[in-house]
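The values are calculated or read from the model by the stated rules, or taken from the named source; none is laboratory data. All figures in this text were calculated on a predicted structure; none of them were measured in a lab. Methodologically, a virtual Cβ is constructed for each residue, glycine included, from the backbone with ideal geometry; neighbour enumeration extends over all protein chains shown. With ligands, DNA and RNA removed, areas are computed over all heavy atoms of the protein, side chains included. Shrake-Rupley method; radii C 1.70, N 1.55, O 1.52, S 1.80 Å.
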Amino acid sequence: MKQKKKADTRKSVRAVTSNNFITAMGIEEMSLKARKLLYVAISQCKKNDQEFFEYQISARDFAKLMDVEPQAVYKESDAITDELMRSFIRLETPQEKQQRKKHYRKYQIFSKCEYHDAILNFKLNPDMTDFFLNLKKDFTKPLLSDFLRMNSNYSIEIWHLIQREMKSIKPNSTDIIQFDLSLEELRAVTGTKDKLKKIAHFKDKCFDKALREIYDNCGVSITYENIKEARKIVGFRCTAVSVVHIDAENIPDNVKERARQGKERIRNSQKGEKI
């Protein structure tokens, strides 16, 4: 029997997923706490893993991550793991979407959840390795800690989509990153295809709210302009900067030169280490 591994939830840990997973149907139906535990499980997958392992997290750590009162850990973990064992995702291939064929592939997300002696054990479904292991392209790797700090599913879903567009990075103090988000895809990942139908309601209750929480928890300020087709809003042209953004044009030349020299010294040092 393989030894269970302790879950790693440090701030540097990343939740690496294929881009197909971000837009899979079914995830948007999860509760906030179940979604967070799902990302904890995903983030345990290591670059060279060939299979999923069983991981464990203590009741104390679980309570802290999920903002649960210690005396309610058993009840909460029981409810969350019940939900996770029922959860599944549905996917269409790009070819199926293009041909408008009604054919879905469905995957149960977890193969096992267990609570025993104040320890919660969990394991992802082995059939889902293509979404999390040995990813060579078309994948995103946001920080797990970003997700764990959020208080809304909308924020988690939209931030994951934004991280895909931002190539899993955050802007530094002088960066300006621009990208487009389609309204159709935003509604799909947030489960709002059949609610918040008025664009003003969608912005107020979903998109703007998520961007405010991303600002508070991820250190990224995102503004946007509407993208229209025939006077209809079909997406948003977004601009992302750090919450401590500095306009590069306002930085004195001597400061820029010192920064350039510092980067050059680091590059030369790294070249020396490789040699």
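For Lys195, only one of the following conditions fails: (1) open to solvent by 10 Å² or more (accessible area, probe 1.4 Å); (2) part of a strand (DSSP E or B); (3) not β-branched (Val, Ile, Thr). What is its number?
(2)
Which residue out of Asp204, Asp216, Asp175, Asp138 is open to solvent by less than 70 Å² (accessible area, probe 1.4 Å) and either in contact with a helix residue (DSSP H, G or I) (Cβ under 6 Å, 6 or more places away or on another chain) or farther than 30 Å from Asn48 by Cβ (or both)?
Of Asp204, Asp216, Asp175, Asp138, the one residue that is open to solvent by less than 70 Å² (accessible area, probe 1.4 Å) and either in contact with a helix residue (DSSP H, G or I) (Cβ under 6 Å, 6 or more places away or on another chain) or farther than 30 Å from Asn48 by Cβ (or both) is Asp175.
Across region 102-135, what is the number of residues that are open to solvent by less than 40 Å² (accessible area, probe 1.4 Å) and outside any loop (DSSP other than H, G, I, E, B)?
The number of residues fulfilling the criteria is 10.
Take the conditions open to solvent by less than 50 Å² (accessible area, probe 1.4 Å) and free of Cβ contacts under 8 Å to residues at least 60 places away in the same chain and apply them to Met66. Does it pass?
Yes; evaluated as a whole, the condition is true for this residue.
Tell me which residues, restricted to region 152-196, are basic (Lys, Arg) and farther than 21 Å from Glu29 by Cα. Steps first, answer last, please.
Initially, region 152-196 is screened for residues basic (Lys, Arg), giving 164, 167, 170, 187, 193, 195.
Lys167, Lys170, listed by residue number.
Consider region 80-101. How many of its residues are at pLDDT 90 or above, open to solvent by 60 Å² or more (accessible area, probe 1.4 Å), part of a helix (DSSP H, G or I) and not acidic (Asp, Glu)?
The initial filter retains those residues of region 80-101 that are at pLDDT 90 or above, namely 80-90.
Next cut, open to solvent by 60 Å² or more (accessible area, probe 1.4 Å) only: 82, 85-86, 88, 90.
Going one step further and asking which of them are part of a helix (DSSP H, G or I), we end up with 82, 85-86.
From what is left, the residues that are not acidic (Asp, Glu) are 85-86.
So the count comes out to 2.
Would you call Phe236 without any contact (Cβ under 8 Å) to a residue 60 or more places away in the chain, buried (at least 19 other Cβ atoms within 10 Å of the Cβ) and over 19 Å from the mean Cα position of the chain (by Cα)?
For Phe236, the condition - without any contact (Cβ under 8 Å) to a residue 60 or more places away in the chain, buried (at least 19 other Cβ atoms within 10 Å of the Cβ) and over 19 Å from the mean Cα position of the chain (by Cα) - is met.
Looking at region 13-60, which of the residues that are assigned to a strand (DSSP E or B) and either over 17 Å from Phe131 (Cβ atoms) or among the basic types (Lys, Arg) (or both) is most open to solvent (accessible area, probe 1.4 Å)?
Step by step, filter region 13-60, then rank; the result is Arg14.
Open to solvent by 60 Å² or more (accessible area, probe 1.4 Å), under 24 Å from Asp67 (Cα atoms) and touching a Ser or Thr at 6+ places or on another chain (Cβ under 8 Å): is that true of Tyr154 in this structure?
no
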